[in-house]
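Undergrad: Structure in structure tokens, see below.
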Amino acid sequence: MNAIDRKFFNDATKTRIEALADVCRNNRDSYKVDCAVDAAVQGRPAFWHSDSWSNSAANIIIGRANLTGNLDEAFASYVRDFGECDYWKIIHQLDATVPLNRPAAAEMVAIYSRLGHMRNVRELLDREAEVITNKLSRAA
């Protein structure tokens with residue numbers, strides 16, 4: 001990928017994440033957007049969240065996942081720092097997490113599977129469009 005292609009990819013990815021943040025009415029914190037963009041551009045798993053950023057668990061877990069490229073480790077570090085994260089809290093966070101690329105969706109499939117839930121990569125990649133459609137239809 002040459003410099004012009006990379007610049008276009010970075011800008012398009014950033015615009016996509018900012019649009020998702022706007023629709024979800026969560027904070028378009030530039031640092032969090034930049035972390036998600038960096039993860040996506042570098043081919044690491046990249047995530048966004050459909051809950052509001054007042055959901056502090058979502059804010060922490062997704063932020064850490066984008067920094068480390070590992071959602072599983074983000075959950076583990078959340079537990080280390082804040083105590084137990086029960087099954088339902090993990091399921092809620094996963095259900096509200098929007099994978100921004102295939103590596104993120106594949107990681108989520110593995111976590112869901114360990115928890116006894118079946119998801120597939122295509123279903124999770126379609127979640128971004130579903131979130132946008134559902135949020136916009138409720139706003140109308």
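Undergrad: Which one of these does MET118 not meet: (1) in a helix (DSSP H, G or I); (2) more than 18 Å from TYR31 (Cα to Cα)?
TA: (1)
Undergrad: Would you check if ARG80 is modelled with pLDDT of 80 or more and outside any helix (DSSP H, G or I)?
TA: Against the criterion (modelled with pLDDT of 80 or more and outside any helix (DSSP H, G or I)), ARG80 does not qualify.
Undergrad: While we're looking at this one, here's another question. What about ALA58, is it closer than 23 Å to SER30 by Cβ and of a type outside the set (Phe, Trp, Tyr)?
TA: yes
Undergrad: Cβ contacts < 6 Å: first residue in contact (Cβ under 8 Å) with a residue 60 or more places away in the chain, restricted to the stretch 98-125; second residue of a type in the set (Lys, Arg), any location; separation 6+ or different chain. Result?
TA: Cβ pairs passing all conditions: VAL98/ARG127.
Undergrad: Somewhere in the stretch 48-64, is a residue surrounded by fewer than 15 Cβ atoms within 10 Å (Cβ to Cβ) and modelled with pLDDT of 90 or more?
TA: no
Undergrad: Additional query: Out of all the residues in the stretch 77-88, which are closer than 12 Å to LEU115 by Cα and either open to solvent by less than 90 Å² (accessible area, probe 1.4 Å) or touching a Pro at 6+ places or on another chain (Cβ under 9 Å) (or both)?
TA: Selection gives ASP86, TYR87.
Undergrad: Right, next: Using the structure shown, decide if ARG114 is open to solvent by 60 Å² or more (accessible area, probe 1.4 Å) and in contact with a Ser or Thr (Cβ under 7 Å, 6 or more places away or on another chain).
TA: Considered against the rule, which asks whether it is open to solvent by 60 Å² or more (accessible area, probe 1.4 Å) and in contact with a Ser or Thr (Cβ under 7 Å, 6 or more places away or on another chain), ARG114 comes out as no.
Undergrad: Pairs needed: first member in the stretch 73-94, more than 16 Å from PHE47 (Cα to Cα) and among the aliphatic types (A, V, I, L, M); second member anywhere, open to solvent by 70 Å² or more (accessible area, probe 1.4 Å) and not in a helix (DSSP H, G or I); C-beta distance under 6 Å; at least 6 residues apart or different chains.
TA: Note: no pairs meet the criteria.
Undergrad: In addition: Please go through the stretch 56-70 and give me each residue that is of a type outside the set (S, T, N, Q) and assigned to a loop (DSSP other than H, G, I, E, B), ordered by number.
TA: GLY69 - this is the single residue of the stretch 56-70 that is of a type outside the set (S, T, N, Q) and assigned to a loop (DSSP other than H, G, I, E, B).
The values are calculated or read from the model by the stated rules, or taken from the named source; none is laboratory data. Only a predicted model underlies this, so the values are computations on that prediction, with no experimental measurement involved. Note: ideal-geometry Cβ built from the backbone for every residue, glycine included; neighbour counts use all protein chains shown. Quick note on the areas: whole protein, heavy atoms, side chains included, nothing else; ligands and nucleic acids left out. Shrake-Rupley method; radii C 1.70, N 1.55, O 1.52, S 1.80 Å.
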